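Peer 1: Quick one: structure below, then a few questions.
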Amino acid sequence: MKNMTLEHIAAVCSGTYIGNEADKTREIQGAVIDSRLVEKDYLFIPVRGEKVDGHSFIPSVFEKGALAVLSEEKLESPEGPYIRVENTLDAMKKIAADYRRGLDIKVVGITGSVGKTSTKEMIASVLAQKYNVLKTEGNLNNEIGLPLTIFKIREEHQVAVLEMGISEFGEMDRLSTMANPDICVITNIGLCHLENLITRDGILKAKTESFAHLTPDGIAVLNGDDDKLCDKKVVNGKPAVFYGIEKAAKVAETEEGQKTLAEKTVYATNVEAVGLTGTKAAIHYPSRETGGEVTMEVTIPIAGEHNVYNALAAVSVARELGLTCDEMKRGIESVQTIGGRSNLIHKNGITIIDDCYNANPVSMKASIDVLSNAPGRKIAVLGDMGELGAEEKQLHYMVGEHFAGKGIDALYCVGTLSQEIAKAVRTCSSKTEVHHYEDKADLIKDLVKEVQSGDTVLVKASHFMGFPEIVKELTK
């Protein structure tokens, strides 16, 4: 890792180096918190968890070839050098921030209430057509996952696509201090993490903490169809790049009344669902070479209008980083889903829409829309959504109202809050057969007996509901 000598690391994190003087000028080759991932000349960062204290693994990591470790404790006769710090997690964040600033690389930081991971995958797929890209793996988007991702950046990487997820004020400030993005993408301001952020205005305030940490020439790429983001026309003295469906500014109904949204720089027309196999659209953007408008016909290989927005965000970023139309189109049309996020599974004659990694009202409605385009019998398997604050029951009821006119044949749901979904569906969608369960095992037993060849089944809930178990049973 470039410039990451033990001496420099100690200075960056205000730690005290203890060890052989000759080792102070040696560079680490990586940094991890999991002792099982330690390789030769790595830095091991022990973290105190609820059940396990990483300090207990310090002797074993030296045996594996670790160059050094951080430690909150004084170590007796360690097998190698260590850096004494007050708090290893705080030290890790300081080291990551310093390492990122020493790299000659473009960083794309992605946040938003809904669609961060799928947007990250889309942007990475597009940028990979021209650059060597490192992206956040899985959902490592918090104050532990982000620095670990940054530590994986090497000199061969040209762009890093980093996802940043938050649940409280100040957290985005800490994340974006580490990421120091050249381009900041905000997908939307939706209804999630309301327990701490209280309102959509609170979410907006928390997400836009990232703007203060853009690089001097950094730009913001924003969803112009979002009524909270559309006002952010200038960020740090530079015009924001807006994207959305249709170029013209729309008039939206908001809690405060009617509001004019932003005119878009990058926009889509002729959006057309192609069943569950994808979505067609024409994407338009201004050419940097000619100043004229480029029109690109694409087929996004993932169903749902929300994935058109992901593609628009990717084109907005790619345009800033100099990709050609052909490169953008190739990247969009080759993007792949990941487990738990709109992932289609075909098994035993049924189609499963595996979207059970997480859920909030916006993403739940979007998934119901995707299911509505499926052939054959349509079954929704839904669970509780978490962190919605005081209005959690009402927000679940609103999801149930969304069933009206969607042609969903059956609803299976489990959880205390999901009773509100069931109640609304019974009231608003008389053609949908409704089943609610207190126990997930009972739901699984009935569902497995009911599902038959030709059915399409959507499985979606917040992560704590453990819905991958349902997917597992359906795919046996």
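Here's the yes/no breakdown for (1) over 12 Å from residue 97 (Cβ atoms); (2) of a type in the set (Lys, Arg); (3) surrounded by fewer than 18 Cβ atoms within 10 Å (Cβ to Cβ):
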| site | (1), (2), (3) |
| --- | --- |
| 143 | no, no, no |
| 148 | yes, no, no |
| 151 | no, no, no |
| 156 | yes, no, yes |
| 160 | yes, no, no |
| 164 | yes, no, no |
| 167 | yes, no, yes |
| 180 | no, no, no |
| 184 | yes, no, no |
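Peer 1: Related question: Restricting the search to segment 439-475, which residues are among the charged types (D, E, K, R), part of a loop (DSSP other than H, G, I, E, B) and surrounded by 12 or more Cβ atoms within 10 Å (Cβ to Cβ)?
Peer 2: Scanning segment 439-475 gives a single hit, 455.
Peer 1: Any residue in segment 62-85 that is of a type outside the set (S, T, N, Q), farther than 22 Å from residue 137 by Cβ, assigned to a helix (DSSP H, G or I) and in contact (Cβ under 8 Å) with a residue 12 or more places away in the chain?
Peer 2: Yes; the residues of segment 62-85 include at least one that is of a type outside the set (S, T, N, Q), farther than 22 Å from residue 137 by Cβ, assigned to a helix (DSSP H, G or I) and in contact (Cβ under 8 Å) with a residue 12 or more places away in the chain.
Peer 1: Now for a different question. Search segment 117-136 for residues being under 10 Å from the mean Cα position of the chain (by Cα) and not polar (S, T, N, Q), and hand back the single one that is surrounded by the fewest Cβ atoms within 10 Å (Cβ to Cβ).
Peer 2: In this case the residue turns out to be 121.
Peer 1: When you scan segment 197-214, how many residues do you find that are farther than 18 Å from residue 319 by Cβ and touching a strand residue (DSSP E or B) at 6+ places or on another chain (Cβ under 8 Å)?
Peer 2: From segment 197-214, those farther than 18 Å from residue 319 by Cβ are 197-213; that's our starting set.
Narrowing the set further to residues that are touching a strand residue (DSSP E or B) at 6+ places or on another chain (Cβ under 8 Å) leaves 207-208, 210-211.
Residues flagged as farther than 18 Å from residue 319 by Cβ and touching a strand residue (DSSP E or B) at 6+ places or on another chain (Cβ under 8 Å) within segment 197-214 amount to 4.
Peer 1: How many residues does segment 207-217 contain that are in a loop (DSSP other than H, G, I, E, B) and crowded, with 21+ Cβ neighbours inside 10 Å?
Peer 2: Result for segment 207-217: 1.
Peer 1: So for segment 245-267 (the condition being within 25 Å of the chain's Cα centre (by Cα), of a type in the set (A, V, I, L, M) and assigned to a loop (DSSP other than H, G, I, E, B)), does at least one residue qualify?
Peer 2: Yes, there is a match, as at least one residue in segment 245-267 is within 25 Å of the chain's Cα centre (by Cα), of a type in the set (A, V, I, L, M) and assigned to a loop (DSSP other than H, G, I, E, B).
Peer 1: Within segment 280-382, which helices (runs of 4 or more DSSP H) (wholly inside it) include 3 or more residues that are open to solvent by less than 20 Å² (accessible area, probe 1.4 Å), at pLDDT 85 or above and touching a strand residue (DSSP E or B) at 6+ places or on another chain (Cβ under 7 Å)?
Peer 2: In segment 280-382, the matching helices (runs of 4 or more DSSP H) lie at 305-320, 361-372.
Peer 1: So, in segment 268-279, of the ones that are modelled with pLDDT of 90 or more and of a type in the set (Ser, Thr, Tyr), which residue ends up farthest from the chain's Cα centre (by Cα)?
Peer 2: Taking the candidates together, the pick is 269.
Peer 1: Quick one: what pairs do we get from segment 184-201, first residue under 18 Å from residue 162 (Cα atoms), second part of a loop (DSSP other than H, G, I, E, B) and among the hydroxyl-bearing types (Ser, Thr, Tyr), C-beta under 7 Å, 6+ apart or different chains?
Peer 2: That search, which allows pairs on different chains as well, returns 188/113.
Per-residue answers, yes or no, for (1) of a type in the set (Asp, Glu); (2) open to solvent by 60 Å² or more (accessible area, probe 1.4 Å); (3) in contact (Cβ under 8 Å) with a residue 12 or more places away in the chain:
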site: 228; (1), (2), (3): no, no, yes
site: 237; (1), (2), (3): no, yes, no
site: 243; (1), (2), (3): no, no, yes
site: 246; (1), (2), (3): yes, yes, yes
site: 251; (1), (2), (3): no, yes, no
site: 261; (1), (2), (3): no, no, yes
site: 264; (1), (2), (3): no, no, yes
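Peer 1: Looking for whichever is touching a residue at least 12 places away in the same chain (Cβ under 8 Å), in contact with a Lys or Arg (Cβ under 9 Å, 6 or more places away or on another chain) and under 19 Å from residue 303 (Cα atoms) here; the options are 399, 381. Which one fits?
Peer 2: From the options 399, 381, the qualifying one is 381.
Peer 1: Cβ contacts < 7 Å: first residue within 14 Å of residue 149 (Cβ to Cβ), restricted to segment 22-34; second residue open to solvent by 70 Å² or more (accessible area, probe 1.4 Å) and not aliphatic (A, V, I, L, M), any location; separation 6+ or different chain. Result?
Peer 2: Matching pairs, first to second residue: 30/39.
The values are calculated or read from the model by the stated rules, or taken from the named source; none is laboratory data. Note that the coordinates shown come from a computational prediction; the quantities given were computed from them, not determined experimentally. For neighbour counting, all protein chains shown are included, and Cβ atoms are generated from backbone atoms with ideal geometry for every residue, glycine included. To get the accessible areas, we keep the full protein, side chains included, count just its heavy atoms, and leave off ligands, DNA and RNA. Shrake-Rupley method; radii C 1.70, N 1.55, O 1.52, S 1.80 Å.
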